[in-house]
Amino acid sequence: MTHPELPLPSQHYVTLDSGITLHYLTEGPEDSTLPPVIWLHGSGPGASGFSNFKGNYPQFAASGIRNLVLDLPGFGRSDKPDTGRYDLAFFIDCLKGFIDKLGLDKCVLLGNSLGGAIALGLTLACPERVASLILMAPGGVEERETYFQMPGIVRMVELYNSGPMGVEQMRQVMSLQLYDASQLTDDILIERAAVAVTQPANLFSTMMVPNMTARLGEIRVPILGFWGTNDLFNPPSGMFRILDNAPNARFIMLNRCGHWVQVEHQSLFNRSCIDFLLQG
């Protein structure tokens, strides 16, 4: 299902061996000598690669980096199966299938929240496919109960369970993602509300992400991470789970920043990531 009615750009589709079709955007030179960056968004209702990263990947492309901005299954313009489980293993399998179908060798995985957990999980499963990681408040480093006590997730679940999420309900959720809610544009709210009504109930009810802290020491690739001290969705202390265990990690922690560092501190994020990637 391609969802032509959604207010999102449409570019490329690839069908995995499982039959699931994924949508993705590309920008940047295909012949770049640098590993391509795969952008992995978070799990909030209505999320898509474009809505999460529209202010970031064009700058990476302008620096000579190839970008693949993926809509995860259940999100954006990608397929949204209404049966089965949306657990971490499912997302990892889909990401690996995507990398295989595109014939990529090594790639950079850049992930926010759920996308960060998927990036960690794929790196643990297939370390030979990953050149480096860029993580923004990644999931998968706490127990599930810890996340569901966070005020942003509590409010998101309340609103999601109360019925279809329109623009105003989306505004209530998204305002909690940002330290300064004035940065929240109407375009993002409209984009996400349009996607949210297409998402199946089992997407969120079956979404299970294990705590991978005990295995982080296995990850040897360079990690650049970001976390906001005002994050209401993923506890900022998660940063130390990675720093204390992964041997090649560095993090930038920012005050006056919530769950969306790539939006709230866009210039700093873009510049820091591009420097990290160009220096190899």
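The values are calculated or read from the model by the stated rules, or taken from the named source; none is laboratory data. Because the structure is a prediction, the values reported are computed rather than measured. Because the Cβ atoms are built from the backbone with ideal geometry, glycine has one as well, and the counts that use them run over all protein chains shown. When the accessible area is computed, the model is the full protein with side chains, heavy atoms only, and any ligands, DNA or RNA have been set aside. Shrake-Rupley method; radii C 1.70, N 1.55, O 1.52, S 1.80 Å.
Among the helices (runs of 4 or more DSSP H) confined to segment 167-280, the ones with at least 2 residues that are among the hydroxyl-bearing types (S, T, Y) and within 19 Å of the chain's Cα centre (by Cα) are located at 266-278.
Of all residues in segment 141-156 being outside any loop (DSSP other than H, G, I, E, B) and aliphatic (A, V, I, L, M), which is most open to solvent (accessible area, probe 1.4 Å)? Step through it out loud before you land on a result.
Residues of segment 141-156 that are outside any loop (DSSP other than H, G, I, E, B), as a first pass: 144-147, 151-156.
Filter once more, keeping what is aliphatic (A, V, I, L, M): 153-154, 156.
On the way: I153: 19, V154: 56, M156: 28 Å².
Only one residue tops the list, namely V154.
Once segment 203-232 is narrowed to residues that are open to solvent by less than 40 Å² (accessible area, probe 1.4 Å) and of a type in the set (G, A, S), the residue that is nearest to A246 (Cα to Cα) is G217. Evaluate the following for D71: is it of a type outside the set (V, I, T) and over 14 Å from the mean Cα position of the chain (by Cα)? It is false that D71 is of a type outside the set (V, I, T) and over 14 Å from the mean Cα position of the chain (by Cα).
The residue pairs whose first member lies in segment 49-67 and is open to solvent by 10 Å² or more (accessible area, probe 1.4 Å), whose second member is among the β-branched types (V, I, T), and whose beta carbons are closer than 6 Å, counting only pairs six or more residues apart or on different chains, are Y57/V69; S63/I274. Beta carbons closer than 9 Å, at least 6 apart along the sequence or on distinct chains, pair a first residue in segment 190-207 that is free of Cβ contacts under 8 Å to residues at least 12 places away in the same chain with a second that is open to solvent by less than 40 Å² (accessible area, probe 1.4 Å) for S205/Y86.
Restricting the search to segment 157-195, which residues are of a type in the set (V, I, T) and open to solvent by less than 30 Å² (accessible area, probe 1.4 Å)?
Step one: of segment 157-195, the residues of a type in the set (V, I, T) are 157, 167, 173, 185, 188, 190, 195.
Selection gives V173, I188, V195.
Checked against the criterion of being under 19 Å from N270 (Cβ atoms) and either open to solvent by less than 10 Å² (accessible area, probe 1.4 Å) or in contact (Cβ under 8 Å) with a residue 40 or more places away in the chain (or both), segment 74-81 contains not a single residue that satisfies it.
Mind listing just one residue for me: the one in segment 108-132 that is in contact (Cβ under 8 Å) with a residue 60 or more places away in the chain and surrounded by fewer than 20 Cβ atoms within 10 Å (Cβ to Cβ) and, of those, farthest from G280 (Cα to Cα)? Full working, then the answer.
Looking only at segment 108-132, we keep the residues that are in contact (Cβ under 8 Å) with a residue 60 or more places away in the chain, and these are 108-121, 123-124, 127, 130-132.
Filter once more, so that each one left must be surrounded by fewer than 20 Cβ atoms within 10 Å (Cβ to Cβ): 124, 127, 131.
Numbers: L124: 21, P127: 17, A131: 9 Å.
Looking at the filtered set, the residue picked out is L124.
T198: closer than 19 Å to R77 by Cβ and surrounded by 14 or more Cβ atoms within 10 Å (Cβ to Cβ), yes or no? So T198 fits the description; yes. If you scan segment 149-166, which residues turn out to be out of contact with any helix residue (DSSP H, G or I) (no Cβ under 9 Å at 6 or more places or on another chain) and either in contact (Cβ under 8 Å) with a residue 40 or more places away in the chain or of a type in the set (D, E) (or both)? Passing the criteria: M150, E158.
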